[in-house]
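Student: This structure is in structure tokens; I'll ask about it shortly.
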Number of protein chains: 2
Amino acid sequence: MIKSILVDFNCEKPCGETIELLSNSAAFVDLGLTLQTWNVKDIAGTVLYTGSDGLSLLIQWYPASPGKLYATISGAARVQQLADLLKKELEEKNATSTVFTPPLKRGLEWNPYIQNCDGTVVENDFQELLFHDKSPFQDIKIYRSNNFGSYLLLDDDPNLADSDIAYTKAICGSETFDFTGKNVLILGGGDGGIINYLRNLSPTKPKYIEMIDIDEMVMKACAKHMRATCGDAMDEFKGEGYEIFAEDCVPRLTRYGEEGKKFDFIISDLTAIPVDASDEKENDNQWDFMKLILNKCMLLLPEDGIYTTQGHAYRSTHGIEEYRAILNSLNVEISSEAVSVPSYHEKWVFYTLRKKTE
Amino acid sequence: MIKSILVDFNCEKPCGETIELLSNSAAFVDLGLTLQTWNVKDIAGTVLYTGSDGLSLLIQWYPASPGKLYATISGAARVQQLADLLKKELEEKNATSTVFTPPLKRGLEWNPYIQNCDGTVVENDFQELLFHDKSPFQDIKIYRSNNFGSYLLLDDDPNLADSDIAYTKAICGSETFDFTGKNVLILGGGDGGIINYLRNLSPTKPKYIEMIDIDEMVMKACAKHMRATCGDAMDEFKGEGYEIFAEDCVPRLTRYGEEGKKFDFIISDLTAIPVDASDEKENDNQWDFMKLILNKCMLLLPEDGIYTTQGHAYRSTHGIEEYRAILNSLNVEISSEAVSVPSYHEKWVFYTLRKKTE
């Protein structure tokens, strides 16, 4: 397999001068490297060595970051050896290694690299693509991961994995609610984690659970490939004490509001709020959707009724204030909790809204 | 900040032919890229474009992986734009994108990239280096992470973070033991997580807790910088119901064995077992050390006494069988549990050994 190592340095001398010194090294020649490009100035430069077996070393520096060298080493073999050698050689020339990545795997069958909401990058151990299809609503993938079990991605966004009971417990109130004899409405939650958890609560099981998720294909795929998460909870869409509707929740919420129907708990596991979204127009639409859902749900809660939802990454960089402002505009008591969700590789914030007396 | 994106492709045609087609693209010229290296054959090649602002595109292919193209895009700006453009251009030439990393941060003050035991790579969100020093035993770093709190690395290996109560609970038996009135010995555990957890168990607190860790500098650094993990448990090394010894545990274990001293529980949080170690000699020494500790501890356990320990990554690739063989050679009942430890980004295996009747 081809691998790449990124290894960067702070240089005491101007980078061009440091690289001139490096060029005298016999070690590169020993590794079979020959010079392809030599474009060296003090403040900017590009140097490329390649070897007969495809081993390569690209060194770059930029006016924007004086005194910093950026090396990229790629190849099928001897990548680590060359990276270690470069570090040793440059340290002898008073440069200090800063970033030094482990070998990054190239050309894999699936892309295992994912960016978290806080901008950090992780490689997931996707072993097998268990399911891939496009529904009318989204691209659906389920991978098998050794560490996280079955791992659902919607439009390539990590959604939930078998490892994430912490997510399900948190969105269900972290074991602080008594669901005994209550009516519960789940919005979204197509992975089946929440409905499976609630149906198996004993002896504090709700009286009735209703779930509305727009995407039947997600539910069917999860029912088959994520059974550690959903168990048999979605094998049948209707049974004793529960019903699942594969449809857009908005018309049903509207109708329930008109009918005066109430749920003691509403657990909203719809698409993440538009915090961190880069597309402003899409962003606006998502805020509007969120407000619509919140307002419709508030009508379905009795006094002291509870609405819980997943929110956003603990370290989301913007949008949080707008989100809190929307929540604050409702007649609710708000509490939140940040929880480590294993497959997310970062903490996630969950909200509980308790409807105040009118 | 300089960033790099790695983006790889499967090509229908030979790579050289695909790249010849790509060279006609006006888009690269629009981005201000000029050709630096053009070394193109069907089965192997290196092509390097650079721009005036340091944007660069390196495309490589190798005889070892026919039909696969490997592109590395680096620069201070327009990195994502160029990666997206390359993907679009190559897809028009019947190539399929496989790996497509998020932007990888270069030249950071600290290296945030860590390799898990299963070979996957993660970037941690290290915000601040709270502590760095070298003790006689190891290099000690404590970073502040937004997601994981204070984050301890020993010799650059992730050890424990404030987020990892799951680790502490697991090594203490996952809440299945009753410590009430018992004597507990902790080996290692210099981060203070275990002793803090046990001292605060209520109402099932042990009668006496003894902890032996070789590295006083680790304990003092954690007592200052990892208080979410250790609380005040290591502020004083001796107090009501506990004592901490900053020393090599082996002589003391030997003496206790000679004296016939017993502990109801021994919790061994010493260095990870040598699973996955690459250096064979060091490996052998570590196995020997592990066997030494195990044998000495078995003498300190009464019948039904319990020894728990952290083991290895769930997906460690070798060494597990040797480890299990060593455990199986003891007169103990063995059970194990794999637990998601947030800052590890992978599951970790914990073992419980219960001493059988002689």
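Student: Checking the a/c ratio against 1.5 first, then a/b against b/c, what shape does the Cα gyration tensor give for chain B?
Tutor: prolate
Student: While we're here: Show me you know the interface measure: the accessible area buried between A and B, both chains summed, probe 1.4 Å, in Å² to the nearest 100. Spell out each step's value before the answer.
Tutor: Details: alone 17430 and 17400 Å², together 30040 Å².
So the buried area, both faces added, is about 4800 Å².
Student: How much accessible surface area, in Å² rounded to 10, belongs to the heavy atoms of A:R227 with a 1.4 Å probe?
Tutor: The accessible area comes out at roughly 110 Å².
Student: Which Cα, out of B:I165, B:V218, B:V184, lies furthest along the positive dipole direction of chain B (beta carbon charges, K/R +1, D/E -1)?
Tutor: So the residue we want is B:I165.
Student: Still on this model: Please report, for A:N24, the nm distances (one decimal) from its label point, 7 Å out from Cα along the beta-carbon direction, to the equivalent points in the remaining copies, shortest first.
Tutor: The projected label point of A:N24 is separated from its counterparts by 4.9 nm.
Student: At a probe radius of 1.4 Å, what is the per-residue accessible area of A:C249, in Å² to the nearest 10?
Tutor: 10 Å²
Student: Counting only heavy atoms of the protein chains, get the accessible area per residue of the protein assembly as shown (1.4 Å probe) and round it to a whole Å² value.
Tutor: Details: 30040 Å² over 716 residues.
Here the per-residue accessible area is 42 Å².
Student: B:C11 accessible area, nearest 10 Å², 1.4 Å probe?
Tutor: 20 Å²
Student: Count of lysine pairs in the stretch B:3-105 with Cα atoms under 20 Å apart, counting only pairs 8 or more residues apart in sequence or on different chains?
Tutor: Qualifying lysine pairs in the stretch B:3-105: 12.
Student: Name the long-range amide H neighbours of A:D133: under 5 Å, sequence gap of 5 or more, or other chain; modelled H, no Pro or chain starts.
Tutor: Long-range HN contacts for A:D133: A:I140.
Student: Still on this structure, please answer the following. Can you show me the helix-derived [θ] at 222 nm for chain B, built from DSSP H runs with n ≥ 4 at -39,500 (n - 2.57) apiece and divided by the number of residues, rounded to the nearest 500. Working shown, then result.
Tutor: Details: 10 runs with 96 residues, N = 358.
Per the formula, -8000 deg cm²/dmol.
Student: Name the residues of the stretch A:308-343, by number, that are at least 50 Å² less accessible with every protein chain in place than in the isolated chain; the surface is that of heavy atoms, probe 1.4 Å, without ligands or nucleic acids.
Tutor: The answer is A:R315 - residues whose exposure falls by at least 50 Å² when every protein chain is included.
Student: Would you mind telling me the share, in percent, of accessible area of the protein assembly as shown contributed by carbon and sulfur at probe 1.4 angstrom?
Tutor: 47 percent
Student: Determine ³J(HN,Hα), in whole Hz, for all residues of the stretch B:108-122 in sequence, where each value follows from phi through the Karplus function 6.51 cos²θ - 1.76 cosθ + 1.60 and θ = phi - 60°; x replaces Gly and Pro.
Tutor: 5, 5, 10, 7, x, 8, 10, 9, 6, 5, 8, x, 6, 10, 10
Student: Now for a different question. In the stretch B:160-355, with Lys and Arg counted as +1 and Asp and Glu as -1 at Cβ, which of these residues, B:M298, B:F265, B:F245, has the Cα nearest the positive end of the dipole, that is, farthest along it?
Tutor: With unit charges placed on the Cβ atoms, the residue in question is B:F265.
Student: Report, in whole Å, the centroid distance computed from the Cα atoms of the stretch B:83-158 and the stretch B:333-357.
Tutor: That distance is 26 Å.
Student: Related question: So for the stretch A:139-259, if I pair up every lysine 8 or more residues apart or on another chain, how many of those pairs have alpha-carbons under 18 Å apart?
Tutor: 11
Student: Copy-to-copy spacing for B:D156, label 7 Å out on the Cα-to-C-beta vector, in nm, shortest first?
Tutor: Counterpart label points of B:D156 in the remaining copies fall at 3.1 nm.
Student: Something else: Take the alpha carbon gyration tensor of the stretch A:113-159, find the square roots of its eigenvalues, order them as a ≥ b ≥ c, and report rounded if a/c is under 1.5; if not, report prolate when a/b exceeds b/c, else oblate. All intermediate terms of the calculation are to be shown ahead of the outcome.
Tutor: Details: a/c = 2.70, a/b = 1.20, b/c = 2.25.
Judged from the Cα gyration tensor, the stretch A:113-159 comes out oblate (a/c at least 1.5, b/c at or above a/b).
Student: Restricting to chain A, compute how many DSSP beta bridges are antiparallel as a %, nearest 5. Don't skip to the answer; put the middle values down first.
Tutor: Working: 71 of 90 bridges.
Antiparallel bridges make up about 80 percent of those DSSP assigns within chain A.
Student: A further question on this structure: Per-residue HN-Hα couplings for the stretch A:62-68, Karplus 6.51 cos²θ - 1.76 cosθ + 1.60 at θ = phi - 60°, whole Hz, x for Gly and Pro?
Tutor: Calculated HN-Hα couplings, in order: 9, x, 5, 9, x, x, 10 Hz.
Student: What residues of the stretch B:95-142 lose no less than 40 Å² of accessible area with every protein chain in place versus their chain by itself (probe 1.4 Å, heavy atoms only)?
Tutor: B:T98, B:V99, B:P102, B:L104, B:R106, B:G107, B:N111, B:Y113, B:T120, B:V121, B:E123
Student: Where the only charges are on Cβ atoms (+1 Lys, Arg; -1 Asp, Glu), what is the dipole of chain B about its Cα centre, to the nearest 20 debye? Provide the component values of the computation, followed by the final result.
Tutor: On the way: 35 positive and 55 negative charges, 76 e Å.
Value, rounded to 20: 360 debye.
Student: Right, another one. Where does each of B:L330, A:L185 land when they are ordered by accessible area, with a 1.4 Å probe and the largest first? Mind dumping the intermediate values first?
Tutor: Working: B:L330 25, A:L185 0 Å².
So the residues, ranked largest to smallest area, are B:L330, A:L185.
Student: Then there's this: In what order, largest first, do A:D235, B:D269, A:D264 sit by accessible area if the probe radius is 1.4 Å?
Tutor: On the way: A:D235 75, B:D269 20, A:D264 45 Å².
Result of the area sort, largest leading: A:D235, A:D264, B:D269.
Student: Let me ask something else. According to the square roots a ≥ b ≥ c of the eigenvalues of the Cα gyration tensor, what is the shape class of the protein assembly as shown, taking rounded for a/c under 1.5, prolate for a/b larger than b/c otherwise, and oblate for the remainder? Don't skip to the answer; put the middle values down first.
Tutor: Values: a/c = 1.94, a/b = 1.10, b/c = 1.76.
Oblate, since a/c reaches 1.5 and b/c is not below a/b.
Student: Got a sec? What order do A:D162, B:D155 fall in by accessible area at 1.4 Å, biggest, i.e. largest, first?
Tutor: Numbers: A:D162 40, B:D155 90 Å².
Largest to smallest exposure gives the sequence B:D155, A:D162.
Student: Any residues in the stretch B:2-17 that have 10 Å² or more less accessible area with all protein chains than in their chain alone, probe 1.4 Å, and which are they?
Tutor: Those residues are B:I2, B:L6, B:D8.
Student: While we're on this one: From the label point of A:G257, set 7 Å along Cα to the beta carbon, how far off in nm is each other copy's matching point, shortest first?
Tutor: 7.3
Student: Whole-Hz Karplus ³J(HN,Hα) for the stretch B:259-270, in order, using 6.51 cos²θ - 1.76 cosθ + 1.60 and θ = phi - 60°, x for Gly and Pro?
Tutor: Calculated HN-Hα couplings, in order: 7, x, 5, 10, 10, 5, 10, 10, 10, 9, 10, 6 Hz.
The values are calculated or read from the model by the stated rules, or taken from the named source; none is laboratory data. In this text, all values refer to a predicted model and were calculated from it rather than measured experimentally. Methodologically, a virtual Cβ is constructed for each residue, glycine included, from the backbone with ideal geometry; neighbour enumeration extends over all protein chains shown. For the accessible areas, the whole protein counts, side chains as well, though only heavy atoms, and no ligand, DNA or RNA atoms are used. Shrake-Rupley method; radii C 1.70, N 1.55, O 1.52, S 1.80 Å.
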